[in-house]
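Everything below concerns the one structure shown next.
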Amino acid sequence: MEHQIVASGQEGGNRRKIPEYNPAWKVIEPMDTQIKGFADSMYEQSFVESAVSTRADTTNLLKERTTKRTAKTPVKESQINGIVKFQVQHIERCLAARLESYERAYEETGKVPTEEELEEILAELKTVGDLQVKHSSSFIDNFLRARRAQVQCDPEQSLMEGCAEAHDRVLRTWKNWGEKIRIKEVAPAKIKAAAKPPAQTVAETQPIQDEVVPMEKQRSNRTLFAYYWCFFKRLGNECNRTWRGELAAALLTATGAYLLIHRVSAVAWTSFKSEGLSMVIAVWSIALWHILRTPWLLHKEASSTSGGIRRVHWGHGLFGIVVLAGVLAGSGLYARKQLAKPIAPVMAAPYVEPKNSLRKRTLGLANDLNVFLGERWSKRPPGHGPDTLKYDQATLDLYMKFYKSRMVGILQELQDKGLDTGLLGAPGGAPSRFLLPDEIRQLRDLAYHLDEKGNVVKF
């Protein structure tokens, strides 16, 4: 055992105490050399890969430091923590690889480890962890001394604290492996014991057949009518069993409704009517609950160990029919009464202003006159010569032809509404000439004195 450890490059070291193992408890016999050699070869390969990966991570961290600062810059605590983290990951990979190598070795050879061999594997896991902690702490010490960095904490203690979870995980994996092996050893014995059932005589098998036949006959007799008859009997039985407490609950509900309504309404008849209605609703709700619950009760009885439904008197079936008919009749009457009421509109439809309202027609006329006058003034000849007077006369003729009748009618409607049109409706105003820009704005202001329904708005 010690020879194999020295050959793999792992020597001495402070060992971490694991309560689950103590070499003094028992004498461990040496493991099979074939399995041992196969496991060591796989572990050595995993160990080299992990060491190369750890060295690459550490080198990348140092390169990042030298690119940012000079080599004389002291090492920061965050960089030391990074190196410790890489070493912890390396130790964890080594522990997992050591256990996995033994698992694969036993799996490839088709052998099952004994209890002594499992204890030997656990001892080697502990040795691997302790040796790797020692090597990693030595590496960190040499690294810090070479760079003259101040050590704030014990590297070995930091590594052991960081590897605590890794040790626990590997220990749990080792325990699970042992439990699986023990289960595999116990299972064949149980299968062999169950493979030989006791021989049954003809006298012993006959009662079983006698019990099966009535059950098959019972299931064959479960027609649709029989199922619903059983449903009505069970419904009537449940209602008859609980009617006293449910009636008391309905009376309490009615009394509470009466007291609440009596404080609001002084009419005694209204209070008593509401009390009776609340009691009927309570009884109806309880009966509906029984109807919904009865199929579940039947299914529960049918799926029980006995597999049968208890006997109920046929009179309960008639009572169940009455209960179901009362619930359906009450629901129908209430629905018919509610549906017969006219449905009041929740919200009145918003008023939509007509397209030909006085306000829209006034605004439309003002916009048309503004466009018309803008086009004419943009093409008007400059000065006050004959061409200009002739152009103004043509503008007046176009206004009188296309806009005069609309203007006169709208001004008359505005005056009928009680609005003061001012000089627009005067003899020398809009009826006899086209409007100027100020007068067009005045016409638009008159439109703003009306709402969407044509009523005058007073500011």
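Packing-based ranking of 377-388, 234-245, 288-299 yields 234-245, 288-299, 377-388, ordered from highest to lowest mean Cβ neighbour count within 10 Å. The equivalent ellipsoid of the stretch 376-441 has semi-axes of 27, 12, 9 Å, largest first, where each one is the square root of 5 times an eigenvalue of the Cα gyration tensor.
Here's how it looks for Leu450: its modeled amide H is under 5 Å from those of Val457, which are all 5 or more places away or on a different chain.
Using a 1.4 Å probe on the protein chains only, how many percent of the accessible area of the stretch 396-459 belongs to carbon and sulfur?
On the way: 2120 of 3830 Å².
After summing per-atom areas, the C and S share lands at 55 percent.
In summary, the aspartates and glutamates within cross-link reach of Lys85, defined as a Cα separation below 16 angstrom excluding same-chain residues under 8 places away, comprise Asp57, Glu77, Asp141, Asp154, Glu156, Glu161, Glu165. Hey, quick one: spin label on Arg169, modelled 7 Å out along Cα-Cβ, who in the stretch 99-123 has an amide N within reach, i.e. under 17 Å? Once the point is set 7 Å along Cα→Cβ of Arg169, 99-101 turn out to lie under 17 Å by backbone N, inside the stretch 99-123. Between Glu161 and Arg182, the contour length at 0.36 nm per residue exceeds the Cα-Cα span by 4.3 nm.
If R0 is 22 Å, what FRET efficiency do you get for Val48 and Ser138 from their C-beta distance, rounded to 0.05? The calculated FRET efficiency here is 0.75. For the stretch 155-164, 3J(HN,Hα) computed residue by residue from phi via the Karplus equation (6.51, -1.76, 1.60; θ = phi - 60°) reads x, 5, 5, 5, 5, 5, 5, x, 8, 4 Hz, glycine and proline entered as x. Taking 7 Å steps out from each Cα toward its Cβ at Arg241 and Ser405 produces label points 9.2 nm apart.
With both labels modelled 7 Å from their Cα along Cα-to-Cβ, the Leu260 to Trp289 distance reads 1.7 nm. Per-residue extension of 0.36 nm, minus the Cα-Cα distance of Ala226 and Leu328, leaves a gain of 34.6 nm for this segment. Translational diffusion of the stretch 418-459, estimated by Stokes-Einstein from the Kirkwood radius over alpha carbon pairs at 4 °C in a medium of 1.567 mPa s, is 116 µm² per second.
Across the stretch 311-323, rounded Karplus estimates of 3J(HN,Hα) from the backbone phi angles (6.51 cos²θ - 1.76 cosθ + 1.60, θ = phi - 60°) give 6, 10, 5, 5, x, 5, x, 5, 5, x, 4, 5, 4 Hz, Gly and Pro being marked x.
The values are calculated or read from the model by the stated rules, or taken from the named source; none is laboratory data. What you see is a predicted model, and the numbers here were worked out from it, not measured in a lab. Virtual Cβ from ideal backbone geometry, glycine too; neighbours counted across all protein chains shown. Please note that ligands, DNA and RNA were not included when accessible areas were found on the heavy atoms of the full protein model with its side chains. Shrake-Rupley method; radii C 1.70, N 1.55, O 1.52, S 1.80 Å.
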